[in-house]
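The values are calculated or read from the model by the stated rules, or taken from the named source; none is laboratory data. Nothing here was measured: the structure is a model prediction, and the numbers come from that model. Please note: Cβ atoms are built from the backbone with ideal geometry, for glycine as well, and neighbour counts cover all protein chains shown.
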Amino acid sequence: MGSFAVVAVVQRETGGDASLDAFKGLARRRPTLAIAMTVFLLAQAGVPFTSGFIAKFGVIQAAVDENSYAIAIIAMVAAVVAAFLYLKIMVSMWLADPADESQGVPVPFGAGLAIAAAVAFTLIVGVFPGWLIEASNTVTDYAR
């Protein structure tokens, strides 16, 4: 959700461009957005201390628990391929020169709030996953 909000802000700023070129030099133009997008991409890659790691670990652990080793291996290979693609975006944001040095339009309050909340949630769940896992297990037990 957070990465979609960052993409929407960048797309609004670039007049509708959401290609990789729109993210070139984002760290120089909008460092806060670049940090947020980096957190989201790291989470999607499944880096530890993010909610994405907890999710990927849970899926792979469930596959192994059910002796579905092929699914676990496919999930791990897919995670590596995806991490490479996310790294390409991060390199573009942090190391490439921006096409346009202008600061662009201000980030709408609602979008900024949503991005900040998503970053906080991503990191809090990554560091303290127990409460969410317990709540999920409770809901699952009631659903059965």
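Quick notes on this one:
- Restricting PHE23, PHE53, PHE40 to those that are more than 30 Å from SER136 (Cβ to Cβ) and either surrounded by 14 or more Cβ atoms within 10 Å (Cβ to Cβ) or of a type in the set (A, V, I, L, M) (or both) reduces the list to PHE23.
- Matching option when the condition is under 17 Å from MET37 (Cβ atoms), in contact with a helix residue (DSSP H, G or I) (Cβ under 7 Å, 6 or more places away or on another chain) and not β-branched (Val, Ile, Thr), among ALA79, ALA96, ALA118: ALA118
- For the range 1-22, the tally of residues that are of a type in the set (Phe, Trp, Tyr) and in contact (Cβ under 8 Å) with a residue 12 or more places away in the chain stands at 0.
- Of residues in the range 66-97 being surrounded by 14 or more Cβ atoms within 10 Å (Cβ to Cβ) and either of a type in the set (Phe, Trp, Tyr) or in contact with a His (Cβ under 9 Å, 6 or more places away or on another chain) (or both), the one farthest from LYS24 (Cα to Cα): TYR86
- When ASP97, ASP141 are checked against the criterion of being among the charged types (D, E, K, R) and in contact (Cβ under 8 Å) with a residue 12 or more places away in the chain, a single residue qualifies: ASP97.
- Of the helices (runs of 4 or more DSSP H) lying entirely inside the range 1-69, those containing at least 1 residues that are modelled with pLDDT of 95 or more are 2-13, 31-45, 51-65.
- Given (1) under 21 Å from ARG12 (Cα atoms); (2) modelled with pLDDT of 95 or more, number of the condition PHE84 does not satisfy: (1)
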